[in-house]
Amino acid sequence: MSSSRLTYLSKLMRYQYLSPAGRDMFGWQKPQSTVIRTLLIINLVIWLLVSLTGTERLIFPMLGLVPRYVIYDFMLWQPLTYLFLHAGFLHVGMNMFVLWMFGSELESSWGGVSFLRYYLVTGIGSGLVTVLLSANSPIPVVGASGAIYGVLLAYGLAYPNRLVYLYFMFPIKVKYFVGFLAAVAFWASMQAGASPVSHLTHLSGMVIGWVYLRAQRRTAAPQLMERIKDLRVARRIAREVQENREDDLLRRQVDEILDKINTRGYDSLTSTEQDILFRASVRFSRKTDKD
């Protein structure tokens, strides 16, 4: 990860996030998101072990993402394992901070399995893009940034108008915040001396996430339409049951009024009873016409 990217990300991540879930996350309650907690522990423990043992030069070529090794040496596990390696405290700290802040609410609303699937799809997908864009590169790529960018995109789509506070002072809507990150990543990839592969593969996490979520929505569309149809049927049945109850009540009232007419005559009816007879005649005549 380049120092310029670390600089602007470290600045952008100094925010306060305005929501009930955000207050819960800043509080001292026990965290509820199991998958996020597990990912945090795994990434931090691996980084700590690798850093303390000084085995980066051994671990990164084997478990990091080396495009040449994936293609020519068939190290097919690397597009997965590289997600759990990080080069330095700031690298792992920033990624895990963003994962915790934005991913926790997504996991709560999606469920742990769905969130983990999305995280892996965007992370592994970004790794495969790296391999395609730099097939002969012998340089290890490490970090969960592709998946993190995917999480940011998903959060921006789910809560576009929620506010975050840059530097605890400047409010900005999440959709603009995510768009700004995407624009900066793309701009950085175009600069002379920058690494187009690293920035574009990070950005690919957003692209892959967008495609994945769009496909999921299309897949869910028929189910949603079926649910809407079932809901309409249920409402129609409930309405018919209610109308039948009202009809039964009205018929009983009409029967009582007709009995009164037979014994006392029509002039004995009150204005309310006359109104009931009129409403009943209109109501039942309409039903007869429909039939």
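The values are calculated or read from the model by the stated rules, or taken from the named source; none is laboratory data. No experiment lies behind these values; they were computed from the predicted model shown. Neighbour counts run over all protein chains shown; Cβ positions are idealised from the backbone, glycine included.
Which ranges mark the helices (runs of 4 or more DSSP H) fully within the range 1-96 that have 3 or more residues being small (G, A, S) and either modelled with pLDDT under 95 or not assigned by TED's automatic domain parsing to the domain that holds R162 (or both)?
Numbers: elements: 3-12, 20-26, 34-53, 56-63, 67-72, 78-81.
Answer list for the range 1-96: 3-12.
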* Identify all residues within the range 147-183 that are assigned to a loop (DSSP other than H, G, I, E, B) and not aromatic (F, W, Y); write none if there are none. => P160, N161, R162, M169
* Go through the residues of the range 223-242 one by one and say whether even a single one is modelled with pLDDT of 80 or more and surrounded by 12 or more Cβ atoms within 10 Å (Cβ to Cβ). => no
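Got at least one residue in the range 250-265 being at pLDDT 75 or above, loosely packed, with under 10 Cβ neighbours inside 10 Å and at negative phi? Before the answer, list the steps.
First pass over the range 250-265, keeping only residues at pLDDT 75 or above: 250-265.
Of the ones still in play, those that are also loosely packed, with under 10 Cβ neighbours inside 10 Å are 262-263, 265.
Okay, now just the ones that are also at negative phi, so 262-263.
Yes, the range 250-265 has at least one match.
Report, by residue number, each residue of the range 127-136 that is within 13 Å of G64 (Cα to Cα) and out of contact with any Phe, Trp or Tyr (no Cβ under 7 Å at 6 or more places or on another chain). So that I can check it myself, show each step before the final result.
Filtering the range 127-136 for residues within 13 Å of G64 (Cα to Cα) gives 127-128, 130-131.
Residues satisfying the conditions are L128, T130, V131.
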* **Given (1) surrounded by fewer than 19 Cβ atoms within 10 Å (Cβ to Cβ); (2) of a type in the set (S, T, Y); (3) in contact (Cβ under 8 Å) with a residue 40 or more places away in the chain; (4) touching a Leu at 6+ places or on another chain (Cβ under 8 Å), number of the condition S108 does not satisfy** => (4)
